[in-house]
Structures are given as C-alpha cells and as structure tokens.
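*Asks:* Input: one structure, supplied below.
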Amino acid sequence: MKRTDWAERPERSNLALLRVMTWLSLRLGRPFGRALLWLIAVYFVAASPAARRASRDYLRRALGRPATLRDVFRHMFTFGTTIHDRIYLISGRFDLFDVELQGQQHIHDVLARGRGAFLLGAHLGSFEVVRALGRTVPNLRVAVAMYEENARNINAAVAAINPAAAPEVIPLGRVDAMLQVREALDDNRLVGMLADRTLLREAGPSIQRRDFLGSPAAFPLGPLHMAAMLKRPVLFMTGLHLGGNRYAVHFDPLADFTDVRREDRAAAVQAALGRYVERVEHYCRAAPYNWFNYFDFWQDADAAGAQNPTPAEHQTTQTP
C-alpha cells in the first residue's frame, strides 16, 4: 500500500525557531509577529513550488476563477496567521481575539445528555481556536484524537510555547485507542478529529470518493465508523479566520448514531459522510483562504478511484 503525498512529506518544523518566534511575539506583540508573517509567506510562495501548484488548483475550484499569485500569497498568509495565533491562544491570550460562536447550542445539547460527542473537522481554519473554547467555556472539555507521530509534533510545539497548555491527545493506531476514546466520551468530553485526509492511496472499505469542489476526492470513513460503533452524536466543527483578529467558530450537526441499529449503521455512515463533505465544501467557498491541504488533494482521489470505481450512492499537517 502506498502512502499519500501528505503522509510521506516531512513536516517543516523547527522548535528552536518556534521558541524564538514565541518569545518575540509575546514580548513585542501580535502586530510585530504579523509583520514577520509577510516575509515568511513570501518565502513559501517562492520556495515551495508543489504547495504553490496545489494552492492554485484548490483556489481555482473554491473561487470559481483562475487563482492569481496574490491569491496564493493570501492563502499562505492566512495559514501562517492561524499558526502564529496559536502562540497567543496556547498562552491564554484570548483577549486579543474577537471570536464569534455559531451553533454552540448543539454543543450544549449533546453535553446535556452526558455521553460526550465527536467533533469532526478538516484542515480548514484553526482547530486551536476551537480547542481554546474548552479552556474558557464551563464543562467543555476537548480531547484530540490523532496519529501518534502527529501527536508528538503537536505536543513538542505546545511545550515550546506553554507546557501547561498541553492538549489531551489520544494517539490513534494503538490497540487501546478505541478504549481511550470511549472513556473520554463516557466522561462527557468531546473528542475532536480531522477527517479530510487518507493515509493510503488505494481505496478500500475505509476510503470513499465523493464529489468535492467539482471533482471526486477521497475521504476516510474511519472517524464515522468509530462514532457509529460507539453510538455517539457527531458535530462538524471549524474555526475560520476572517481577517485581522476575527475568527468564526461553527458547529453543525452531522449525525446521531445513538439509536442506530447495527443493520442500519452502514447507510447512516454514508449519509453522515455526505453531510460532512457538504459542510467542508460550504465553508471552503465561504472562507476559501482557510483550506490548508497543500498537496494534490484530487490526484490522490483519482488513484483511489482507479482501484475502486464505486457508484456514488454506495461509496464508502501537508503544510507548506
């Protein structure tokens, strides 16, 4: 089995540079850090041809017109902004941001039932601004489920900024991952996962193709299968950067597997996947510069589709 392009590429990270950037940003302020982001974005536009091509392809689809170099710069600058703002969010500087909440009643409703819920997101906007709500809203506790290598990268980055703010991470791929997820849910916590990337090129029972921004793209079914097996509700989440210091956090219902019978589970998962893809596409068009998959998202889907040309009605961090 071949791994997808994003899984094969090493993350561009430098903890020493991150510590320096953190020190400068916290002492000299967000405007100073954002000035540096202009230089960083120019560097990545110039030095990352693969990411530049992927950005143009995505933006052409999301904007409905050919993407200019200015669009690509804005795309990468938005990505850099969300990364830079993590420094302040992890450090507890929520006062610097104007965060609008939409759909928070859905969170209150699932927490009132006392059995937790899944939050499914994408590499769309800032997950950190969503997670930060867990430190400001009473009774809102968020655990993050991700693959172990990504978990190590996240923990190292957070430790470089504020060790006390280390997230609760459930490493996927371990034999006890499902047990840890169940324990978090039983404790009425929310389990967050990003569900827009597949690890393998070849299609199979855990990968399906759905039309996304005009072409088929591969999406994993694993997170929805897990929610169905554990009989929990699922909400879509995203924290979109709207410019300046403004973010909009959205929560939308995707599925409730609480009372779904075993024989109806597959159909319910299919329906939930359709709603998930529709929500991702909706927010990509609403805030197009917030999509942070800098690899050929649709080429991977074509490779998967060649292996499994399933009819649509039965279909099952790469940063610059």
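The values are calculated or read from the model by the stated rules, or taken from the named source; none is laboratory data. Bear in mind the structure is a predicted one, so any value in this text is a computation, not a measurement. Using ideal geometry, Cβ is built from the backbone for each residue, glycine included, and neighbour counts are taken over all protein chains shown. Accessible surface areas use protein heavy atoms only, side chains included; no ligands, DNA or RNA. Shrake-Rupley method; radii C 1.70, N 1.55, O 1.52, S 1.80 Å.
*Asks:* Using amide H atoms built in the peptide plane, which far-off residues or other-chain residues are under 5 Å from GLN208 H to H?
*Replies:* Result for GLN208 returns PHE219, LEU221.
*Asks:* Right, something else. Quick query: amide H of ALA67 versus all other amide H atoms, modeled in the peptide plane; which residues come in under 5 Å with a sequence gap of 5 or more or a different chain?
*Replies:* Placed amide hydrogens put ARG60 under 5 Å from ALA67.
*Asks:* Along the range 26-33, what does the Karplus equation 6.51 cos²θ - 1.76 cosθ + 1.60 (θ = phi - 60°) give for ³J(HN,Hα), rounded to whole Hz, x for Gly and Pro?
*Replies:* Whole-Hz 3J(HN,Hα) from phi for the range 26-33: 6, 8, 9, x, 5, x, 5, x.
*Asks:* So, one more: Would you work out if the range 199-298 is rounded, prolate or oblate? Take a ≥ b ≥ c from the square roots of the eigenvalues of the alpha-carbon gyration tensor; rounded if a/c is under 1.5, else prolate when a/b is larger than b/c, oblate otherwise.
*Replies:* Taking the square roots of the gyration eigenvalues as a ≥ b ≥ c, the range 199-298 is oblate.
*Asks:* While we're on this one: What does the charge count near LEU185 come to, summing +1 for each Lys or Arg and -1 for each Asp or Glu among other residues with Cβ under 9 Å from its Cβ?
*Replies:* So the surrounding residues net to +1.
*Asks:* Pop out the ³J(HN,Hα) list for the range 277-287 in order, Karplus 6.51 cos²θ - 1.76 cosθ + 1.60 with θ = phi - 60°, rounded to Hz; leave Gly and Pro as x.
*Replies:* Once rounded to whole Hz, the list reads 4, 4, 5, 4, 5, 4, 6, 5, 6, 6, 9.
*Asks:* Give me the orientation-averaged projected area of the Cα convex hull of the range 19-114, in nm², one decimal.
*Replies:* Its Cα hull, projected and averaged over all orientations, spans 9.2 nm².
*Asks:* Once phi is turned into θ = phi - 60°, what whole-Hz ³J(HN,Hα) does the Karplus curve with 6.51, -1.76 and 1.60 give for every residue of the range 117-131, x standing for Gly and Pro?
*Replies:* Each residue of the range 117-131 in turn: 6, 8, 10, 9, x, 9, 7, 9, x, 10, 6, 5, 5, 5, 5 Hz.
*Asks:* Something else about it: What residues have an amide H closer than 5 Å to that of ASN245, excluding those fewer than 5 places away on the same chain, when H is modeled at 1.01 Å from N in the peptide plane?
*Replies:* Hits under the 5 Å cutoff: none.
*Asks:* Additional query: When the accessible area of the range 193-286 is split by element with a 1.4 Å probe, what percent falls to carbon and sulfur?
*Replies:* Summing carbon and sulfur atoms, their accessible area is 55 percent of the total for the range 193-286.
*Asks:* A follow-up question, please. What FRET efficiency comes out for the pair ARG113/ALA286, r = Cβ-Cβ distance, R0 = 30 Å, nearest 0.05?
*Replies:* After rounding to 0.05, the efficiency reads 0.50.
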